[in-house]
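What follows is one structure encoded as structure tokens, with my remarks underneath.
Where a number appears in this text, it was derived from the coordinates with a stated rule and is not lab data. This structure is a prediction, so every number in the text was calculated from the model and none was measured. FYI the Cβ positions are ideal-geometry reconstructions off the backbone, even for glycines, and counts take in every protein chain you see.
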Amino acid sequence: MKRRGFIALAGGTVGWTASGHAQAMPVIGYLGSETQERYASRLEAFRKGLEGAGYVEGRNVAIEYKWAEGQYSRLPALAKELVDRKVTVIVAAGGAEVALAAKAATTTIPIVFEMGGDPVALGVVGSLSRPGGNLTGVSSLSVEVSRKRLEFMRELRPTSAKFAVAINLASPTSGAQLKNLQGAAEALGVELVVLTASTESEFAGMFAAVRESGAGGLVFSSDPYFAYRSPQLAALAVRHAVPAMTQSRDFPLAGGLMSYGGDFSQSHRQAGTYAGRILKGEKPAELPVQRVTRVELFINLKAAANLGITFPPSLLGSADRVIE
């Protein structure tokens with residue numbers, strides 16, 4: 001299958017300042033919106049990036065984790081705890097809400113963020129090439145390609161005149177994504193049914209509403225809350241027989257129909273690399289924000305067969321992975 005995209009890495013090699021042998025082990029404060037279990041694959045990628053920069057957890061760097069367990073409102077207090085702990089660097093991974101909480105907590109401790117939205121538009125940094133201040137990080141295209149999911153769903157179900165979209169209003173990017181999806185719906189000449197969910201208890205009702213509305217499928221906006229609950233969403237999609245598409249490959253791998261979004265393994269690995277470079281003495285203000293432009297399309301043919309759907313050759317030919 002074809003693979004598309006690449007990682008746009010700005011800047012060249014910069015001299016690193018080695019830490020003195022007498023210095024205490026540096027501490028990374030890792031701020032996450034979910035639980036350590038839900039972050040497992042992301043943490044694996046982060047640690048690989050950190051190791052590539054010369055740091056191994058428990059050997060020459062310590063990591064203190066703070067988890068919001070899906071409650072975005074807890075992030076500011078958790079970020080403050082890391083600041084009070086006087087960690088060497090804060091890694092704010094997994095979305096704009098994490099980055100914004102870390103930014104509000106300190107203007108002095110270096111911060112490395114990882115998100116799917118535009119950090120300039122969200123006010124995280126002033127510039128991608130010269131972020132300034134104490135923040136830098138990695139951004140993927142997951143939020144920007146949300147409209148493409150609707151286009152893929154329409155290509156898969158060309159006779160449907162109505163599609164549902166799932167929005168998490170607690171996300172800082174929800175407004176921009178909804179506007180993007182509405183623009184795509186107008187261009188495609190289809191009606192959009194907007195469904196909102198910010199808690200797990202709302203998921204089942206959302207899938208039931210798709211069936212009741214007669215929508216041809218359900219497209220999820222890019223949001224960490226949805227991405228980290230891919231197995232649950234996939235099970236509901238199967239139970240309610242709803243063709244659905246999310247940002248995360250975890251969804252079709254768990255039995256859902258398809259996904260399209262940024263490669264989280266690349267973005268989290270690069271966040272680990274940046275954390276290591278800062279530990280070695282580089283300044284976040286001088287490290288350009290990395291844009292991971294690679295996007296991936298995953299398709300699950302078993303899920304399609306259960307739904308009575310046949311994928312057109314054009315979609316199959318564009319997939320990065322087809323799950324048989």
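Stretch residue 155-residue 305 to full length: gain in nm at 0.36 nm per residue minus the Cα-Cα span? Please report the intermediate quantities before stating the final value.
Numbers: separation 150, 0.36 × 150 = 54.00 nm, distance 1.68 nm.
Length difference between fully extended and current span is 52.3 nm.
Using the Karplus equation 6.51 cos²θ - 1.76 cosθ + 1.60 (θ = phi - 60°), what ³J(HN,Hα) coupling, rounded to whole Hz, does each residue of region 241-253 give in order, writing x for Gly and Pro?
6, 10, x, 9, 9, 10, 7, 9, 4, 4, 5, x, 5
Over the chain, what is the mean sequence separation of C-alpha contacts under 8 Å (at least six apart), divided by residue count, expressed as relative contact order in percent?
Details: 727 pairs, mean separation 80.2, N = 324.
Taking the mean separation of contacting Cα pairs over the length of the chain, I get 25 percent.
Name the residues whose placed amide hydrogens come within less than 5 Å of the amide hydrogen of residue 133, ignoring near sequence neighbours (fewer than 5 apart) on the same chain.
Distant-sequence amide H within range of residue 133: zero hits.
Which length gain, in nm to one decimal place, applies between residue 71 and residue 162 when the Cα-Cα distance is subtracted from 0.36 nm times their residue separation? Write out the running numbers ahead of the final one.
Numbers: separation 91, 0.36 × 91 = 32.76 nm, distance 3.20 nm.
Extending this stretch completely gives an extra 29.6 nm.
Ordered by residue, what ³J(HN,Hα) values in Hz, to whole numbers, does region 111-119 give under the Karplus form 6.51 cos²θ - 1.76 cosθ + 1.60, where θ = phi - 60° and Gly and Pro are x?
10, 10, 9, 9, 8, x, x, 8, x
Going by a ≥ b ≥ c, the root eigenvalues of the Cα gyration tensor, does region 28-100 fall in the rounded group (a/c under 1.5), the prolate group (a/b larger than b/c) or the oblate group? Mind dumping the intermediate values first?
Details: a/c = 2.15, a/b = 1.37, b/c = 1.57.
Cα axes put region 28-100 in the oblate bin.
Count neighbours as other Cβ atoms within 10 Å of each site's Cβ, and list the chymotrypsin sites (Phe, Trp or Tyr not before Pro) in region 221-324 that are DSSP loop with at most 13 such neighbours. Mind showing how you got there, number by number?
On the way: sites: 225, 226, 228, 260, 264, 274, 298; in loops: 228.
Loop-located and lightly packed - none at all.
What pairs in 48/302; 103/148; 48/283; 66/302; 80/280; 66/283 have C-alpha atoms more than 26 Å from each other?
Numbers: 48/302 32 Å; 103/148 30 Å; 48/283 21 Å; 66/302 38 Å; 80/280 24 Å; 66/283 24 Å.
Going by Cα-Cα distance, 48/302; 103/148; 66/302 fall outside the 26 Å limit.
Restrict the search to region 36-85; then list the trypsin sites (Lys or Arg not before Pro) that DSSP places in a loop and that have at most 15 other Cβ atoms within 10 Å of their Cβ. Mind showing how you got there, number by number?
Numbers: sites: 38, 42, 47, 48, 59, 66, 74, 80, 85; in loops: 38, 59, 85.
Answer by residue number: 59, 85.
Using a cut-off of 20 Å between alpha-carbon atoms, which aspartates and glutamates can reach residue 162, once sequence neighbours fewer than 8 places away in the same chain are excluded?
Partners found: 151, 186, 191, 212.
Could you work out [θ]222 nm for the chain from helices alone, using -39500 (n - 2.57) per DSSP H run of at least four and dividing by all its residues? Round to the nearest 500 deg cm²/dmol.
It comes out at -10500 deg cm²/dmol, rounded to the nearest 500.
In region 257-290, which residues have a backbone nitrogen under 20 Å from the label point lying 7 Å from residue 57's Cα in the Cα-to-Cβ direction?
Zone members listed by number: 264-280.
Out of residues 5 or more away from residue 261 or on other chains, whose amide H comes under 5 Å of its own, with H placed 1.01 Å from N in the peptide plane?
296
For the chain, build the charge dipole from Cβ charges (+1 Lys, Arg; -1 Asp, Glu) around the Cα centre, then report which of 319, 95, 196 sits farthest towards its positive end.
319
Note the full-extension length gain between residue 83 and residue 24 as 0.36 nm times their separation in residues minus their Cα-Cα distance, in nm to one decimal. Write down the numbers at each step before the final one.
Values: separation 59, 0.36 × 59 = 21.24 nm, distance 1.77 nm.
Length gained, residue 83 through residue 24: 19.5 nm.
Per-residue HN-Hα couplings for region 178-195, Karplus 6.51 cos²θ - 1.76 cosθ + 1.60 at θ = phi - 60°, whole Hz, x for Gly and Pro?
For region 178-195, the Karplus-derived couplings read 5, 4, 4, 5, 5, x, 5, 5, 4, 5, 7, x, 10, 8, 10, 9, 8, 10 Hz, x marking Gly and Pro.
Calculate how many DSSP beta bridges within the chain are antiparallel, expressed in % of all such bridges and rounded to the nearest 5. Mind showing how you got there, number by number?
Values: 7 of 47 bridges.
Approximately 15 percent, going by the DSSP bridge assignments.
Starting from the Cα of residue 86, draw a straight line to each of the aspartates and glutamates and keep only those under 16 Å, dropping any in the same chain fewer than 8 residues away.
Answer for residue 86, where 16 Å is the Cα cut-off: 64, listed by chain and number.
Give or take rounding to whole Å, what are the principal axis extents of the alpha carbon atoms in the chain, in descending order?
The Cα atoms of the chain stretch 67, 38, 33 Å along their principal axes.
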